[in-house]
Amino acid sequence: MQRVGKVSKTLKGSAAFCQCLAAGSSTSHVASGCCLFEVGNSNTGVFLVRRGKVALLVEGLPNLDRVFSAGSALGLPSTFTGNPYCLTAQALVDSEVGHVPREDFLELMRQDPTLCREATEMLTREISFIQAALAQRKRQGTRQESPVSPVATPQLVGSPSAGGPQRLQHPWTNGRRHKDRPRA
């Protein structure tokens, strides 16, 4: 699979933060190309990358796509607000990912102000990155008006009845893959 975006540490948590999330998470293997969540999916909580690499993909703005490795917490903004995910998280290689349900994550944040502060700092770094990337894009004059259309509910790719290969079903996305990205 082709490498997407730059490696980012904006969502990397401290060892203590990762240990607390890992303790409250269920861990799953995610095959390369499978999505943890996609734009428009209802929030199910935070995902901790334990092993491998996961890309956060921004629809229509590929210069904001980034790669996250072990220790990164994905889905924080949506988990805090309760809104649907606004990005797509796709495994670039076979990965191991912990999932902390939203209510469990929020309770952890209520119980431990130090962890909540760290999560807030991660969100601040993320916002700073996005603001800088958008400003750079505007300065370079590459701003393109592209209508953002709502993403339809993804369907499982491939099925035995259609004669095609059936892809690994993943507990969060039923094995769906991000369909808008070219594959190498």
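The values are calculated or read from the model by the stated rules, or taken from the named source; none is laboratory data. Keep in mind it's a predicted model, so treat the numbers as computed, not measured. Don't worry about glycine lacking a Cβ; one is built from the backbone with ideal geometry, like all the others, and counts go over all protein chains shown.
Residues that are closer than 19 Å to ILE127 by Cα and not in a strand (DSSP E or B) within segment 34-68 comprise VAL39, VAL58, GLU59, GLY60, LEU61, PRO62, ASN63, LEU64, ASP65, listed in sequence order.
Results for (1) modelled with pLDDT of 50 or more; (2) in contact with a strand residue (DSSP E or B) (Cβ under 8 Å, 6 or more places away or on another chain); (3) β-branched (Val, Ile, Thr), shown as yes or no for each residue.
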| residue | (1), (2), (3) |
| --- | --- |
| ASP94 | yes, yes, no |
| VAL100 | yes, yes, yes |
| MET122 | yes, yes, no |
| ARG125 | yes, no, no |
| GLU145 | no, no, no |
| GLN169 | no, no, no |
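Would a scan of segment 58-70 turn up a residue that is touching a Cys at 6+ places or on another chain (Cβ under 8 Å) and closer than 22 Å to LEU106 by Cβ? The answer is no, given that none of the residues of segment 58-70 is touching a Cys at 6+ places or on another chain (Cβ under 8 Å) and closer than 22 Å to LEU106 by Cβ.
Determine whether THR79 is under 18 Å from CYS116 (Cβ atoms), crowded, with 18+ Cβ neighbours inside 10 Å and either among the polar types (S, T, N, Q) or touching a Cys at 6+ places or on another chain (Cβ under 7 Å) (or both). Criteria met by THR79. Looking at segment 40-53, can you tell me whether even one residue there is at positive phi and over 14 Å from the mean Cα position of the chain (by Cα)? No. You will find that of ALA73, ALA31, ALA91, the residue that is over 18 Å from ALA119 (Cα atoms) and surrounded by 21 or more Cβ atoms within 10 Å (Cβ to Cβ) is ALA91 and no other. In summary, GLY158 fulfils each of the numbered conditions (1) at pLDDT below 80; (2) buried (at least 16 other Cβ atoms within 10 Å of the Cβ); (3) on the phi > 0 side of the Ramachandran plot with the single exception of condition (2).
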